[in-house]
Amino acid sequence: NEVIGYLKINFGQSQTELKDEKALEIERIYVLKEYHGKNVGQVLYQKAMEIAKEKKADYVWLGVWEENPRAISFYKKNGFVEFDKHIFKLGDDEQTDIIMKLKMR
């Protein structure tokens, strides 16, 4: 009965960037560090994919910090490919997200 992670997804106009009616954005998958490597992220990811199928999304996309090799590897393992980058500010620090997507069909 403990929260060990969460999933945040966006559709349509609630997407942070693309705002494509035929897309689903995975905005966040967070898992507590002590649960890394225990399939929790994969379960949350699978839930996002189920919802994408229910919504008949053409593709799923997300942004991942370029300095997060663990997450990049996770998404590549699940079939995502890089297609763009964007800069975001964290305080005064500019950081780069890699934008990745997975076609559903």
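The values are calculated or read from the model by the stated rules, or taken from the named source; none is laboratory data. Small disclaimer: the values here were computed from a predicted structure and weren't measured. Ideal geometry is used to build each Cβ from the backbone, glycine not excepted, and the neighbour counts take in all protein chains shown. Only protein heavy atoms, including side chains, enter the accessible area calculation; ligands, DNA and RNA are left aside. Shrake-Rupley method; radii C 1.70, N 1.55, O 1.52, S 1.80 Å.
Of note:
- Close pairs (6 angstrom Cβ cut-off, 6 or more residues apart or separate chains): of a type in the set (D, E, K, R) in segment 71-91, open to solvent by less than 90 Å² (accessible area, probe 1.4 Å) anywhere: GLU82/ILE98; GLU82/MET100; ASP84/ILE99; LYS85/THR96; LYS85/ILE98
- Within segment 41-86, the set of residues being more than 13 Å from MET100 (Cβ to Cβ) and open to solvent by 50 Å² or more (accessible area, probe 1.4 Å) comprises VAL43, GLN46, LYS47, GLU50, LYS53, GLU54, LYS55, LYS56, ASP58, GLU67, PRO69, ARG70.
- Considering residues of segment 1-11 that are modelled with pLDDT of 90 or more and farther than 18 Å from ALA71 by Cβ only, the residue surrounded by the fewest Cβ atoms within 10 Å (Cβ to Cβ): GLU2
- Taken as a whole, segment 20-36 holds at least one residue that is surrounded by 13 or more Cβ atoms within 10 Å (Cβ to Cβ), part of a helix (DSSP H, G or I) and either in contact (Cβ under 8 Å) with a residue 24 or more places away in the chain or of a type in the set (D, E, K, R) (or both).
- Once segment 87-105 is narrowed to residues that are open to solvent by 50 Å² or more (accessible area, probe 1.4 Å) and not charged (D, E, K, R), the residue that is farthest from GLU25 (Cα to Cα) is GLY91.
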